[in-house]
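The values are calculated or read from the model by the stated rules, or taken from the named source; none is laboratory data. All values derive from a computational prediction rather than experimental measurement. Cβ sites come from the backbone with ideal geometry, for glycine too, and all protein chains shown count toward neighbours. To get the accessible areas, we keep the full protein, side chains included, count just its heavy atoms, and leave off ligands, DNA and RNA. Shrake-Rupley method; radii C 1.70, N 1.55, O 1.52, S 1.80 Å.
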Amino acid sequence: TLLFAGTFVRATVLPDLPRVVALSEDTVSGTRVAEVTVSCSNSSSSPNVTLDSIEPDHPFNSIAISSDSTDATTFRAEVTLRAGAELDARQVNQYTLILRAACPGEDEVEERLFVRVTAGHVLRCDTPFASAEGDVVQVLADVAPRTPLYAVLPQPLGGLMFRLRNHNTPLMLTRRGVVLAPDNGFDPSKDTQTFRLEIEVMDRRGHNCSGAVRVDVLPSLRPRVTFLESHRAVTVTEGTGPWEVVTQVHARGDNVRYAILAPVAPALFSIDEVTGEIRNTRQLKVIRTHLLIRAYNALHPDDHATTMVNVTVQGTDRQAPRCVPAIFVSQVSETESPGNTLVTLRCTESTSTDGCLHYALEGPPSSRSHFCMEGPRLKVNTTLDYDSEAMAAQGFQFTATIVVTVGGQPLQSTRVPVLVTVTPVNEFRPACPNGATFTVPETAAFGSVVGRVAGTDRDYPLDSLEYSLEGGSGPAQPFSIDRRTGEIRVVGPLDSQQQKSYRLVVRLTDTHNDLDLRKRQSRLCDVFVRLQAVPDQLPVCIPEVQELQITAGSPGSRQPVTRLLCHSSPDSAVLTYAIVGGNEDGRFRLEGNTLVYLPSDRAEPHPFVLLVEVWGGSGARRRSTVVALVVHVAPRSTPVPPSTSTQHTTLQKEPLVVMQTEAEWHPPAWFVAVLTISGALLLATVGCTAWNLLCRNRAPGKLFLAK
């Protein structure tokens, strides 16, 4: 409160101003820029605070006032960033805000707030878009045109421009950074297609980043448009009225539509693009015409198929020939010889003789190549090979139509449908695989796969075989074979020292290759299985020397002393433990790998040095290790309280090594004979030499004896 010329003047105070605050140009809308304290002389209602700026079009909201819960005369004015505001430090790097505040009944005060705009962060593109390889997206080839495939999402968002660096791609990039499929979609007839887009992103301040995206277009999974039959013949009576249904075509696929391709401007017929119904547009006269019908996918017009419809309009003034049989359905063996007759038609016409009848075979090219007409006789034209892929694609059936026409005008005809089914004959024996030799380690577990016998058979269905093992499985043949797959598995123990290899005889038997299931052929194949020796390793015990101390229990009891920790390679091998030294009075025994003490009436302390042999395997494959155990047994009368606890001490001195060597030599027979003869000759030579010496020096010898 100020006093001027005897008058009290009360003024509002802005104690926080003037001051400077910093604001990044990346700050989002609604962010609080500053909070200013407004102090009034007395408690009253909220003050009136207004905000102006020296710079026009400042990006700040009007002042928001809130009271201070601790002081009734203090209020807080909040300055926030307006919605949609865009800060650019290169254009305006500082705003000078003028705050005017006036409490009720008090004079107005004016102060300034300086807002300094700082440069924002550098524009960043997310990974993996910004990586060297770029991001990857996979789509199907039948995706609709202009479908969004990928969106570039840099940080921060807003006010960005996207530019495509490479233009050799049918894909499109929108202004919002969305990658779209081509206007006409992808070509579904191609295999996997790959497109790479290199995209540059730039903000309004000139910051930029770039990246790449690879679009893999996978083959479509939808069914292709196909006609059930590639050829159809229709006969209509002369005088049929307009808009009658002549025939209807059907095609498989999605979103199928129909159209007439030829003639280009059909005058007599039209087709319903949805149902495929073909109708005549006017009253029909005697005529023969060909309609080329196209079926296509409405969403993917490139997916299409065609069929031919032959329309014959018959006159009513003459009768068509009558044929027996009217329909021919037959089964023909694949070994049917070319030239054999399948059926002979008997056709008659009221005003003509057989000489005026003409026979023709219509239908798919495959039917017309395998069969032919010779007068009224339907004959086999080429070999009917059931075991070919072309025959399997036909479904082992041929359809055709025998058209019997009468000479003269108008043209009269009768159509005899033909359906021939080719039946299989088991012609070939199964074949053995080349070099059926497998190797398996002798430690292979039960059920391990040794290999697969891949037999072949040229009869359809190809390689339809069953497998069996001659002699079955047993100790002499520890293997089995899967009847369906031919996989050989281990079903018994293997030992390369007892038998290094096995010769298995596998029988291959074909199946489903003849109508008569009893007509099956088989072949025996030799399969060799070699055993790979796996060297055994000595068991390893930790530690190899132990010093133990126990207190004897009551006689007749059983005291566990220690448990030996040993392992061998392979880990699945079973180890055997035995006390081989130091257990003269039988006070110790082994239960598995656990050493047990059997107390006696002995009163004095007594040490035992036990040698325990640990081995794995059996017979000639036995490999063992010796463990030394020094056990100090304290009697029950000692001050030490009775206890069955065991104290383990690992000796720090040099380990006790126990070695037992047994050597023996069995010389061959020839060596013994030579040694015997040499000894005899040596003895004879020494004897002869001694006798000669005695005979020469007999007198001197006597003198020597006398002396």
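Observations
- Relative contact order (%) - criterion: Cα under 8 Å, at least six apart; region: the chain: 6
- Spherically averaged projected area in nm², based on the convex hull that wraps the Cα atoms of the stretch 467-517: 4.1
- If the chain linking Ser678 and Thr281 were pulled fully straight, counting 0.36 nm for each residue of separation and taking away their Cα-Cα distance, it would gain 130.0 nm.
- Cβ-isolated cysteines (cut-off 4.7 Å), the chain: Cys356, Cys372, Cys688, Cys695
- The stretch 3-109: GluC sites (Glu not before Pro) in DSSP loop, at most 15 other beta carbons within 10 Å: Glu86, Glu108
- Secondary-structure-derived ellipticity at 222 nm for the chain, considering helices only, amounts to -2000 deg cm²/dmol, per-run term -39500 (n - 2.57) for DSSP H runs with n ≥ 4.
- Linear extension gain, Ser29 paired with Ser337, 0.36 nm per residue minus alpha-carbon span: 101.9 nm
- Förster radius 41 Å - calculated FRET efficiency between Thr344 and Val245, Cβ distance, rounded to 0.05: 0.70
- Across the stretch 211-217, rounded Karplus estimates of 3J(HN,Hα) from the backbone phi angles (6.51 cos²θ - 1.76 cosθ + 1.60, θ = phi - 60°) give x, 9, 9, 10, 9, 9, 9 Hz, Gly and Pro being marked x.
- Figure note: His370, His632 ranked by solvent-accessible area, largest first, 1.4 Å probe, ligands and nucleic acids not counted: His632, His370.
- Restricting the calculation to alpha carbons of the chain gives Rg and Dmax of 53.7, 181 angstrom.
- FRET efficiency for Ser67 and His207, using Cβ-Cβ distance with R0 set to 51 Å, rounded to 0.05: 0.75
- If you plug the beta carbon distance of Ser53 and Ser230 into 1/(1 + (r/R0)^6) with R0 = 56 Å, you get a FRET efficiency near 0.10.
- Neighbours of Met308 by Cβ distance under 14 Å: Lys/Arg scored +1, Asp/Glu scored -1, total +2.
- Taking label positions 7 Å along the Cα-Cβ direction at both Glu133 and Arg558, the computed distance is 6.4 nm, reported to one decimal.
- Computed 3J(HN,Hα) for the stretch 370-380, one whole-Hz value per residue from the Karplus formula 6.51 cos²θ - 1.76 cosθ + 1.60 where θ = phi - 60°, is 8, 10, 8, 9, 10, x, x, 9, 8, 10, 7, glycine and proline marked x.
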